[in-house]
1. Where in segment 383-467 are there trypsin sites (Lys or Arg not before Pro) that are in a DSSP coil and have at most 15 other Cβ atoms within 10 angstrom of their Cβ?
2. What is the P(r) of segment 375-440, as percent of Cα-Cα pairs per 10 Å bin from 0?
3. What do the square roots of 5 times the Cα gyration tensor eigenvalues come to for segment 222-368, in whole Å, largest first, as semi-axes of the equivalent ellipsoid?
4. From the square roots a ≥ b ≥ c of the eigenvalues of the alpha-carbon gyration tensor of segment 146-250, which class results: rounded (a/c under 1.5), prolate (a/b over b/c), or oblate?
5. For segment 176-222, what is one quarter of the convex hull surface built on the Cα atoms, given in nm²?
6. Between rounded, prolate and oblate, where does segment 207-252 land on the alpha carbon gyration tensor, with a ≥ b ≥ c its root eigenvalues, rounded for a/c under 1.5, else prolate if a/b exceeds b/c?
7. Please give the contour-minus-distance gain from Asp479 to Asn184: 0.36 nm per residue of separation, less the Cα-Cα distance, rounded to one decimal in nm.
8. Between beta-carbons, use under 15 Å as the cut-off and find the net charge around Lys384, counting Lys and Arg +1, Asp and Glu -1.
Amino acid sequence: MESKETNILLTFSIIGLLLLGNVGSAVAVKDNLNNNSDFNDSVKCKPVAGSEAKIKNVIVMVPDGCSQSVQTLARWYGGEPLQLDEMVAGTVSTYSADSVITDSSSAATAFATGFKTTNGFVSVGPRNDTLLSIVADPAEEYSPLATVLEGSKLEGRATGLVATSRVTHATPAAFASHVDNRNNESEIMEQMVYEDIDVVFGGGSQYLLPVADGGKRTDGENLTEVLLDRGYQYVDNETEMLALSSGNAWGLFASGHMQPDIDRAEFAPEEPSLSNMTEKAIELLCEDKDGFFLMVEGSQVDWAGHANDPIYEVTDFLAFDEAVKVAVDFARADGHTLVIVFPDHNTGGMTIGSYYDSEYDDTSIEDVVTPLEGMNITAAGVAKKIGEDLSYDNIKSQLKTWWGIDATDDDVTEILELYNNGKDLSLDYAISKVISRNHTVIGWTTNGHCGEDVPLWAFGPDSPAGYMDNTEIAEYIADKLKFDLAETNEHLFVEVGEVLSEDNGDGTLEADEYLLDTTDPENPVLKIGDAELPVNKNLLIKDGVTHELDGIVVYAMTDKVYIPTEALSLV
């Protein structure tokens, strides 16, 4: 049997050949289709014969909080080439409207809408008083910004979101909701439900349910019932998800976030993997003859970086890479699918090589890999196993059992000093920091985000290459799917005050004929004449008839209300 080191050396030889194939190509667009591979036989979608559309489907994939250091570590740890290795295309800038270092919501807003926004905002325009000097021509302050998902939906395509976080978390939220605070997850969930997305898989069921039913909604609404009334199939475990064969579906597999990939077998074996969710989403979405748009996020690479947890980081990234392979296998078989992959930012500043390891020039493969091979769960999982027993013996025992680390008394002392009974760091953060420093060659620069460019990977017809600003990704997708984001914005978000503020002789209404009724502050309703439009929904009720609109009603912080153009003809 070959040694792991031999396999790794072979891996890098293969990677070198792959990369050599890309040398000398300076064009901004490349076509790297290869129709020799078949997509998983369980997916019944087949290429459409004679299709005129060069790009019919787009799959966007985001390993949240990732850098090339993570990719390198994953290759060493896995001992074989990554799917992403053959897709290297360029780099992406990450800064937000108000900071060189972005958060996930503003980053996702950029690549979902084509506009920079303020950190913490979700697909709405930025604050004007905090803009970086480099930000030119910003969107209107707090105004909703149309996304590539919404544009795809208007064009008749099926749409989907997949994440390992709550689906209301920053990245998926930015494709399907419009709020000025990423923490408004009840509001985000309501907008998502009424956006009529065809497939949604991830965590976060607590934001579907009212407090009385064990959820977190304080507006009294049960959005699970809304989904069922709208004809969705609703599943909450892997078995039920795999049994889906057609139609629209929501699958929320955890009340909050899903488990890290490496923890799933120990703590939540009923949850599906990211690759299984991606495969099922593609299977359901590709039934649409007009094509589909799908966003897939490997959400927890970011949290691993925040925690400085090397095994969490590398295993969740490898799980993401498996999901990328699922998407690329489909794209290769289909011939009309563009797969674009990029992180939103780096998190943790992980390095292979540490300030505490001065003998870097003789670092072996074993130095990098061996400490990780004994780790069977995340640091958070180890903290769960430790529980409330913070004795030296218990901490050392759990570290040995679950991480294969022979921790010393000094290690435990450092961990407990950093933890300080929860006053300084959480226990898992303290464990990761001490064990990384004392027992690995992995270094970290922060528990937060970083501001450098990130990798761009791509596969499919007309796939992008070179350096791109994150806003250009949205524009690129819209162009390839043949719609205009500015026109989409004009169609979905008409500011009521602008069109109904005065009677100019053409039938528009006087200002006193519309108002925002906030009698129930958690369920505001826009009233225009005898028509009612509940905020965060795509409904218009008039003369006892409920009409479903092609977009949602959005109330902005500036006390402006935005409605779809379609609503004007109905009122």
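Throughout, read-outs are computed from the coordinates displayed, never taken from laboratory work. No experiment lies behind these values; they were computed from the predicted model shown. Don't worry about glycine lacking a Cβ; one is built from the backbone with ideal geometry, like all the others, and counts go over all protein chains shown.
1. Lys423
2. That works out to 24, 66, 10, in percent per bin.
3. With the √(5λ) rule applied to segment 222-368, the semi-axes are 35, 20, 13 Å.
4. Because a/c hits 1.5 or more and a/b fails to exceed b/c, segment 146-250 counts as oblate.
5. 3.4 nm²
6. Details: a/c = 4.22, a/b = 1.90, b/c = 2.23.
Oblate shape, in that a/c is at least 1.5 and b/c is the bigger or equal ratio.
7. 103.1 nm is the gain from fully extending Asp479 to Asn184.
8. So the surrounding residues net to -4.
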